[in-house]
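Colleague: My questions all concern the structure below.
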Amino acid sequence: MSDTSVPGAASRSGPLHVLAFAGSLRRASYNRGLLQAAAEEAPAGLIVTLYDLTALPMYNYDLEAGGFAAPVHALREAVRAADAVLIASPENNGFMSAVAKNAVDWLSRPPEPPVAAKPAAIMGATSGRGATARMQPRLREFLVSARFGRVMETPVLGVAGSADRFDDAGRLTDDATRTDVRAFMAAFEQWLRQPPAQEAAD
């Protein structure tokens, strides 16, 4: 585990496990494709596992009160077992997608929310020209309010004009964007291994 409350990523020399999920359920989602590229371009010290949110129900307290449904429990345990979380979301009316928010809502619920003190990073892809610039700071603020431990602020990775950068299956084909993804993941590993106290002092 890499919570700031227990020995974590900063004190580990072995591979770090990152759970990644996309805020889109579309089969050829650009954001799922962006996460796939992140897994492919990640440095050797990061092992990225993509998680499918298709079966996750919309948050409903009645479902929570009766005990977490199997898809909710599975997501919570997958996050609990990971060292960090990576979220890629489209921008919907300037905000994160409902899919991404719903996942975080389930993850932040007691008892023992698995996101407590969990480090996270954000990226996003859109077919428009905004490159998720409005969504990302809002999602970052939301993750902090949901009690994630730390959320990486820089570098920022937002992909615009995705229809020209991904193929019909959602695979990233643009070499320049792959270079950006590779740099982002290298920075993510460095940030994860950096002690939080040192980060605050920089």
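Colleague: Whenever you get a sec, compute what percent of the accessible area on segment 142-202 sits on carbon and sulfur atoms (1.4 Å probe).
Modeller: Of the solvent-accessible surface of segment 142-202, carbon and sulfur hold 48 percent.
Colleague: Only Cα pairs under 8 Å and at least 6 apart count here; give the relative contact order of the chain as a rounded whole percent.
Modeller: 27
Colleague: Another question, if that's okay. How about segment 9-68: which trypsin sites (Lys or Arg not before Pro) there are in a DSSP loop, with at most 15 other Cβ atoms within 10 Å of their Cβ?
Modeller: R12, R26, R27
Colleague: Only helices at least 18 Å long along their axis, Cα-based, and averaging -1.0 or more on Kyte-Doolittle count here, so list those DSSP H runs from the chain.
Modeller: Correct list, ordered by number: 175-193.
Colleague: Kirkwood hydrodynamic radius (Cα pairs, Å) of the chain?
Modeller: Averaging 1/r across every pair of different Cα atoms and inverting gives 16.9 Å.
Colleague: Can you tell me the dipole magnitude for the chain around its Cα centre, using point charges on the Cβ only (Lys, Arg +1; Asp, Glu -1), in Debye to the nearest 20?
Modeller: That gives a dipole near 180 debye.
Colleague: Something else about it: Classify segment 7-105 from the C-alpha gyration tensor, please: rounded if a/c falls under 1.5, else prolate or oblate depending on whether a/b exceeds b/c.
Modeller: Here segment 7-105 falls in the oblate category.
Colleague: Please report the Cα spread of segment 103-202 along all three principal axes, rounded to whole Å, starting with the longest.
Modeller: Result, largest extent first: 42, 31, 22 Å.
Colleague: Still on this structure, I have one more. For the pair M58 and D175, what calculated FRET efficiency results from E = 1/(1 + (r/R0)^6), where r is the Cβ-Cβ distance and R0 = 30 Å, to the nearest 0.05?
Modeller: For R0 = 30 Å, the calculated efficiency reads 0.20.
Colleague: Next question, about the same structure. Test of understanding: express the Cα radius of gyration of segment 33-73 as a ratio to 2.2 N^0.38 Å, with N the residue count.
Modeller: 1.69
Colleague: Under a 1.4 Å probe, what is the accessible area of the chain per residue, stated in Å²?
Modeller: Accessible area per residue, the chain: 47 Å².
Colleague: Using a 1.4 angstrom probe on heavy atoms only, work out the carbon and sulfur share of the accessible area of segment 4-121 in %.
Modeller: 57
Colleague: A further question on this structure: Please give the charge dipole size of segment 10-101, origin at the Cα centre, charges +1 on K and R Cβ atoms and -1 on D and E Cβ atoms. Round to the nearest 20 debye.
Modeller: Dipole about the Cα centre, nearest 20: 60 debye.
Colleague: If a/c stays under 1.5 just call it rounded; otherwise compare a/b with b/c (prolate if a/b is bigger, oblate if not). Do that for segment 145-197, with a ≥ b ≥ c from the square roots of the Cα gyration tensor eigenvalues.
Modeller: The shape class here is prolate.
Colleague: For segment 112-187 and segment 64-82, compute the distance between their C-alpha centroids and round to whole Å.
Modeller: Cα centres, segment 112-187 to segment 64-82: 24 Å.
Colleague: GluC sites (Glu not before Pro), restricted to segment 100-192: which are DSSP loop and have at most 12 other Cβ atoms within 10 Å?
Modeller: Answer by residue number: there is no such site.
The values are calculated or read from the model by the stated rules, or taken from the named source; none is laboratory data. Note that the structure is predicted; figures quoted are calculated from it, not measured. Here the Cβ is made from the backbone with ideal geometry for all residues, glycine too, and neighbour counts use every protein chain on show. Ligands, DNA and RNA are stripped out before the accessible areas are found, and what is left, the full protein with its side chains, is counted by its heavy atoms. Shrake-Rupley method; radii C 1.70, N 1.55, O 1.52, S 1.80 Å.
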